[in-house]
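**Q** Input: one structure, supplied below.
The values are calculated or read from the model by the stated rules, or taken from the named source; none is laboratory data. From a predicted model like this one, the values you see are computed outputs, not experimental measurements. No Cβ is skipped: glycine too gets one built from the backbone with ideal geometry, and neighbour counts run over all protein chains shown. For the accessible areas, the whole protein counts, side chains as well, though only heavy atoms, and no ligand, DNA or RNA atoms are used. Shrake-Rupley method; radii C 1.70, N 1.55, O 1.52, S 1.80 Å.
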Amino acid sequence: VYTLDPNTLIIVAQPAEGHTLQELEEAIDQTLHEILQKGVSSADVERAKRQMVTNTIFAHDQVIGGAEEIGQGLAVGATLDHLDNWVDHI
């Protein structure tokens, strides 16, 4: 999901086999509570940045990945220049 709003948090999750949606929701709530109490480490932030860059690079390895990225970006008001240079702003 693409957004230009830096204040948006999107959580996408699916229960592992043998676990319920309720268990998943409780685990997400617990994790968010821990983050609010303890914050996140600089190592966590750097790992997330590397993952975002890696995911973007791999998306460009397939024609459909690049097309989806462009389409999603344009749909929310991004420019092609913004999309081309997005990785530099992570």
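**Q** Keeping the other protein chains in place, figure out the carbon and sulfur percent of the accessible area of the chain, with a 1.4 Å probe.
**A** Whole-percent figure for carbon plus sulfur exposure: 55.
**Q** Per DSSP H run of at least 4 residues, take -39500 (n - 2.57); add these up for the chain, divide by its residues and hand me the 222 nm value, nearest 500 deg cm²/dmol. Write down the numbers at each step before the final one.
**A** Values: 4 runs with 54 residues, N = 90.
Only helices count here, giving -19000 deg cm²/dmol.
**Q** List the GluC sites (Glu not before Pro) in the chain that DSSP assigns to loop (not H, G, I, E or B) and whose Cβ has at most 10 other Cβ atoms within 10 Å. Which are they?
**A** 17
**Q** Given a 1.4 angstrom probe, what's the average accessible area per residue across the stretch 1-69, in square angstrom? Working shown, then result.
**A** Details: 5900 Å² over 69 residues.
Solvent-accessible surface per residue comes out at 85 Å².
**Q** Against the longest alpha carbon principal axis of the chain, how many degrees, from 0 to 90 and to the nearest 10, is the axis of helix 63-75 turned?
**A** 90
**Q** Positive end of the charge dipole of the chain (Lys, Arg +1 and Asp, Glu -1 on Cβ, about the Cα centre): tell me which of 32, 60, 89 has its Cα farthest that way.
**A** In the chain, that residue is 89.
**Q** Viscosity 1.002 mPa s, temperature 20 °C: Stokes-Einstein D of the stretch 36-90 from its Kirkwood Cα radius, in µm² per second?
**A** The estimated diffusion coefficient comes to 170 µm²/s.
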